[in-house]
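Data block below; observations after.
The values are calculated or read from the model by the stated rules, or taken from the named source; none is laboratory data. Small disclaimer: the values here were computed from a predicted structure and weren't measured. Don't worry about glycine lacking a Cβ; one is built from the backbone with ideal geometry, like all the others, and counts go over all protein chains shown.
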Amino acid sequence: MTVWDRPEPPTRPVPLDRERIVAAAVALADEGGLEAVSLRKVAARLDAGPMRLYGFISTKEDLFDLMVDEVQAEILPADQPADWREALRVLAHRTRKTVLRHEWLADLLGGRPALGPNGFAVAEATMAALDGLADIDTAMRAVETVSAYVTGAMRREVANLRAERATGLSKLDWQRASGPRMTRMLATGRFPALAKAVHDGTDLDAETTFATGLDWVLDAVAAKLTRP
């Protein structure tokens, strides 16, 4: 039996339902990451005994599934664009914004298929964008490719944000601090391609980098969709 098939927890002596449990867990994760979430901590925030949660949520993984589904509601746009490319672009950018609001989501992206109602709705919106444009296997590979890009890009962006907080150094501060080491290594002449990238490449902000990479991935998908 999945967590979605279990009955709601009893409402006495303290009113308790799935919505309150998940909201408390999401708040804990937003404040301190996934390591801040446990059934006992959620129960304590709700002034309830932990045993009252176990009848409905047996493991922390069940709780994570519920949390992911809860915030996936933020990904769905009010209206689905008719153009497949714009539809996938909107979903990708809304996923990015959702991850930046709930950084812990980056740690859970790309895991087990989401079985909750919002997870199903996101998957449906994604597949519907390509409906009728290609055979089902091509459409599925396209969706998996876009998803892999979004997942990897967001994990990298969140990792950088966490590093900034851990070290207290912004990206510019880190570049200045590591500059001497970088200069010495490039001066050896052993890394000419890297030296060219460092000296001549354009340094883009995270949002522009994400959008550019996404467009390249969608270009590749478009090539497959138009192939005879």
Out of (1) part of a loop (DSSP other than H, G, I, E, B); (2) surrounded by fewer than 14 Cβ atoms within 10 Å (Cβ to Cβ); (3) assigned by TED's automatic domain parsing to the domain that holds V221, the odd one out for P77 is which? (3)
Filter region 146-164 down to residues that are farther than 30 Å from R176 by Cβ and polar (S, T, N, Q) and give me whichever is farthest from the chain's Cα centre (by Cα). S147
Mind listing whichever residues of region 131-176 are among the acidic types (D, E) and either exposed (fewer than 15 other Cβ atoms within 10 Å of the Cβ) or not in a helix (DSSP H, G or I) (or both)? D131, D135, D137, E144, E164, D173
Subset tally (residues that are part of a helix (DSSP H, G or I), of a type outside the set (A, V, I, L, M) and surrounded by 14 or more Cβ atoms within 10 Å (Cβ to Cβ)) for region 18-50: 5
Look at T151 and say whether it is at pLDDT 95 or above, β-branched (V, I, T) and either over 21 Å from T208 (Cα atoms) or in the same structural domain as D215 (by TED's automatic domain parsing) (or both). yes
Which condition does T98 not pass, out of (1) modelled with pLDDT under 95; (2) within 18 Å of the chain's Cα centre (by Cα), if it passes all the others? (1)
Long-range neighbours under 6 Å by Cβ, at least six apart or interchain, first residue closer than 17 Å to I75 by Cα within region 147-165, second modelled with pLDDT under 95: T151/L109; T151/G110
Out of (1) closer than 30 Å to L105 by Cα; (2) not assigned by TED's automatic domain parsing to the domain that holds D107; (3) not in a loop (DSSP other than H, G, I, E, B), the odd one out for H199 is which? (1)
